[in-house]
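Readers should treat all values here as calculations from the given coordinates under stated rules, not as data from a laboratory. Everything numeric in this text was worked out from a predicted model, so none of it was measured. All Cβ positions, glycine included, derive from the backbone under ideal geometry; neighbour counts span all protein chains shown.
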Amino acid sequence: MVDIQLQSLDLNLWFGKNHVLHDVSLPVYKHQVTAMIGPSGCGKSTLLRCFNRMNDLIPGTRIEGRALLGDADIYAPKADVSKLRSRIGMVFQKPNPFPKSIFNNVAFGLQIQGGFSKAEISNRVEESLKAAWLWEEVKDRLSSSAMSLSGGQQQRLCIARALANRPDVLMLDEPTSALDPQSTAKIEELCLELKHNVTILIVTHNVAQAGRISDQTAFMYLGELLEFGPTERVFTVPADKRTEAYLTGVFG
Amino acid sequence: MKTFKEKSFQTITYTAALFTVACLLGIIFGLFREGLPIFKHVGLKEFMFTNNWYPTHAEPGFGALALIVGSLVVTLGSLIIAIPLGLGAAIFLSEMAGPRLREITKPVIELLAGIPSVVYGLFGMAFLAPLVREWFDLDTGLNVFTASLILGVMIVPVICSMGEDALSSVPKNLREASLALGATRAETIFKAVIPAAKNGLAGSVLMGFGRAIGETMVVLMVAGGAARIPSSIFDPVRPLTSTIAAEMGETVMGDLHYQSLFALAIILFLITFVSNLITESMLLKRGKK
Amino acid sequence: MALMLVLTALFLVLFLVRMFSQGAKVLSWDFLFTAPRDAMRAGGIYPALVGTFLLTALSMVVALPLGILTAIWLTNYGKPVWLVNILRVAINTLAGTPSIIFGLFGMAMFSNLLGFDISLLSGGLTLAILALPVIINNTEQAISSVPEDFREASLALGATTRQTVSRVLLPTALPSILTGAIISIGRVAGETAPIMFTAATFYSRQLPKGLGDEVMALPYHIYALMTEGTHPTEQVPIAYGTSLVLLLLVISISAAAIWIRSSIRRKRQW
C-alpha cells in the first residue's frame, strides 16, 4: 500500500463569486509521478496552487474542505505557510530564475531559512544542480548570471532551486510548454529519475506527455475531478465518457 | 522569532505610511489653525472680494482681491504662452517627429523642467525685464507681461510631457482607421487623435495651471510688487504666492498680519487641491474613452 | 507644430547662453571656495555651497527611508484599503502643493512650534516633506516594475514577504530607486521658498557647526542678492555666477540620473 504524500479532500475554492473548484479529492502517492490533465481553465493550476497556498495571494479567495501534506493540515489557522512552501517545491510554466548568479538562485531557499554554513550551502547547491542534470553545464560558471542560460537550462535551474529545499513534493505547472522539444524531452526524463526521491505532481496540457511519464493521471474538467487512476488504465479504458473525449482530442 | 521579524517589518512600513498621511494632515491642520482666526476679524467675503490689502496700516485692511486677481492674471498669461508652445511641441513629438528626434528631445525637456525657479527669476529680473522696459517704453519691466512670459516657458515642459503621454496612449489603430477612411495626416491628428486624447490633454493643461499658480520665486522677482488690480498687462501685480513670501518676514507670530498670510495660504492650497482633484479625475477618465 | 518645439528650443538656448556668459565672468576657483567679503560685494559662495549640500543631505536622510518604506508598504501590504486610498490622496496632494506652503508649514511647525528656529534642521525637515511624494511615487513604480514572476518564485520557495522584499524586490529595483533619489536631490537643491523662513540666511560669518545653525544656500543667495542687495553692479554678476553654479549642479545631477536610467534599460535582462 503506497503512502499518500499529499491530498485534497472535498476541496472547494471560490474566487469572489466564481466557484472554481468543486469537491476535489485528489490523492498524490509517494515517489510517483501524478499528472493532471484537462482543458484550459479546468482548474488544474488552481488546485496546484491550493497545495502551496499560493492562491492566498489573490484577494477574495475562499476555501472549503481540506488539504493535507502527510498528516498536516495545510489550511490550519496557525499553519506556518513559509515552512509549508519550502516542503512543497514549485516550478512555473515560464522559467523564472532570479536576476542573480546561478549559485545564489539555487542557494536562495537555504539562505532564507538561515542556519546553514557556507560549506553546507555549497554542497547542497552542487547536489541540487546534479539532481537537476545541470551541474556539468554550469559548474564552471556558478557566479555568472542565471539570465545568461538558455530556456531549457533556466527551467532546470528552477528545478534545482526548488530541490535545494529537499521538498517532499515537487509540483510542476506546465513546465515544458515554453520549451523546445529537446529541452522538453530532457525534463521529462528528469522527472522519471527524480520521482525516486521526490513525489512529483505535474500539470500538463500535453496529453502525450502525461502518458509518457506519469504513474497516475487525474482528469479535470470545469473545476471537477472527473477521473483518477493509474495512467495505463485511464488512457486505455477511461471510466468517464468525457475523459475519453478529451484523450482522443474531441475537445481540448 | 521569525514571526517577530515579519511583524515588525510590517509595522515599520505601516508606520511610515501613516507618517506620510500625517504630513499632509499636519499641513492642512497647521494652515487652518494659524489662518482661520483672521476670519473672526474679517469676514470671508470681505477677505476674498474686496481690494483693500493694507495689513501694516494702523487700521489694517485685509481685502485680498487684488492678490487673487494677480495670481489668476499671471497664471492665465502664462497659459496663453504655454498652451500653444507646450501642446504644439507635444503634438509634434507624438505625431510627427521621428524616434531619434523624440529620444533627443525628451531628456532636453526633462532638463528644462529641472531648472530651479529662482534661476528663471534671475533671468527675468536681470535680463528680460530691462529689455521689456526698453522695448515698450515703460517705467518698469517687472509686470504681468514679463512674469507671464517667464512663467509660461517654465510650465511648457509640464504641459508638453503630459500632453505627449496623452497623445501617445491613443491606440495606433485609431490613426490607421482614420487614414484608411481617406483622411489626411493633418485631419487625422486634429479630428481623430486629439479628440481621443482630450481628457489627457485637458489634464496636462490643468497641471500647468496648478504649477503656475503655485509658483513663488518667479513672480516674487518678476511680477512687480504692487498689490493692485492691474489695468493693463504692463502693470505690476502681487500674486498670492509672492505676497506670502514677501510679507512673512515682517510679521510677528500670531498677529493679525501673520494670520492673514496663512489665510492666503489656505486659499492657495484650496485652489491647487481642487485643481489637482480635477486633473486626477481627467486622467482617470482618460482610460475609458 | 514643429515651430512650437523650435521656439521652445530657441528660448532654452537663449537662456543658457545668457546664464553661461554672464555667470562665467565671475566663475573662478576662488569663487567656489571662499566666503563672501565686503558686504557681499566680492568674494565667493563657498558657504552657500556647503549649506545647500547640508540641507540636501539632511532632507534625503529623512525622506529616503520614509519614502521607500511607505512605497514598500503600498506594494507589499496595502491593508486596510482605506489607508491606501487616503495615502494616495495624501501623496498626490503633497506632490501638487506649492512650495511656499511647505515653507509656511515648516516655519510654523519646525521653527516655531518645535522650537528649532531658523536652522539647518528646520530647513532639512521641510525639504524632506517636499521630496517625500516624489520618492514614494518613484519607488512604488520601481518596485511594481519588478516582474511578478520573481515575487512568486520567491514566495513559492518559502520566503516571507519581508524576505522577498529585502532579497529579491529591493535589489532588483535598486537602480530605479536610485535614479529617483538622484532626481529628488536635484529638485531639493534648487528650492528657495521652503528654506526662506526655515533655514536660510543671507550672510553668516561661519560655516554651520550643527543642526541648529542657520545656513546660506545657493538658491536663496541668488534671491537675496537680487532683492536685498544694495550694490547691484557688483552683486548682479555674483548672482549670475551663483546661478551658473546651481544650474551646473542641477544639470549634472539630472544628466547622471538620465544616464543611469538608460544604462539600466540597456542592461536589463528580463
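Quick notes
- Tensor-based shape of the stretch C:1-140 (alpha-carbon gyration tensor, a/c under 1.5 rounded, otherwise prolate or oblate): oblate
- Taking amide H as placed 1.01 Å from N in the peptide plane, the amide H of A:Ala67 sits under 5 Å from that of A:Leu9, A:Ile74, A:Tyr75, each at least 5 places away or on another chain.
- Environment charge at B:Leu179 (Cβ cut-off 10 Å; Lys +1, Arg +1, Asp -1, Glu -1): 0
- Ordering of A:2-11, B:55-64, A:114-123, C:57-66 by packing [mean C-beta count within 10 Å, highest first]: C:57-66, A:2-11, B:55-64, A:114-123
- Only the Cβ atoms of Lys and Arg (+1) and of Asp and Glu (-1) were treated as charged; on that basis the dipole of the protein assembly as shown about its Cα centre amounts to roughly 900 debye.
- Summarising the amide proton neighbourhood of A:Met36: residues at separation of 5 or more, or on other chains, whose placed amide H is nearer than 5 Å comprise A:Ile202, A:Val203, A:Thr204, A:Ala218.
- The aspartates and glutamates within cross-link reach of B:Lys7, meaning a Cα-to-Cα straight distance under 17 Å and a gap of 8 or more places when in the same chain, are A:Asp80.
- Highest-first arrangement of B:71-78, C:262-269, where packing means the average Cβ count within 10 Å: B:71-78, C:262-269
- With only the Cα atoms considered, chain A has a convex hull volume of 130 Å³ per residue.
- Residue by residue along B:86-93, Cβ atoms of other protein chains within 10 Å of the local Cβ number 5 on average.
- Rounded if a/c under 1.5, otherwise prolate or oblate - the stretch B:69-126, Cα gyration tensor axes: oblate
- Positive dipole terminus of chain A, leading residue within A:Asn165, A:Thr217, A:Ile4 (C-beta point charges): A:Asn165
- Whether the stretch A:144-219 is rounded, prolate or oblate, judged on the alpha carbon gyration tensor where a/c under 1.5 counts as rounded: oblate
- Counted charge near A:Gln209, where neighbours are those whose Cβ lies closer than 10 Å (Asp, Glu -1; Lys, Arg +1): -1
- Between the stretch A:205-233 and the stretch C:59-84, the alpha-carbon centres lie 46 Å apart.
- For the segment C:5-14, counting C-beta atoms of other chains within 10 Å of every residue's C-beta and taking the mean gives 6.
- Comparing mean-square fluctuations of B:Leu270, B:Leu151, B:Leu24 from a GNM of chain B with C-alpha springs under 10 Å, the top value falls on B:Leu24.
- Among A:Gln182, A:Gln153, A:Gln111, the largest mean-square fluctuation in a Gaussian network model of chain A, built with springs joining Cα atoms closer than 10 Å, belongs to A:Gln182.
- Computed over neighbours whose Cβ is under 13 Å from that of B:Ile12, the net charge equals +2, Lys and Arg +1, Asp and Glu -1.
- Among B:Glu164, B:Glu176, B:Glu215: highest mean-square fluctuation, GNM of chain B, C-alpha pairs under 10 Å: B:Glu176
- Peptide-level mean, for B:6-13, of C-beta atoms on other protein chains within 10 Å: 6
- When the Cα positions of B:His257, B:Gly224, B:Thr279 are compared along the charge dipole of the stretch B:208-289, B:Thr279 comes out farthest toward the positive end, with charges on each C-beta of Lys, Arg, Asp and Glu.
- For B:Lys198, the aspartates and glutamates whose Cα falls under 17 Å of its own Cα, not counting residues fewer than eight places away in the same chain, are B:Glu95, B:Glu164, B:Asp165, B:Glu187, B:Glu280.
- Relative contact order (%) - criterion: Cα under 8 Å, at least six apart; region: chain C: 27 percent
- Radius, Kirkwood style, for the protein assembly as shown when every pair of distinct Cα atoms is counted (Å): 30.5 Å
- Amide H within-cut-off set for A:Ser25, under 5 Å, with H built and near neighbours excluded: A:Asp10, A:Leu11, A:Leu225
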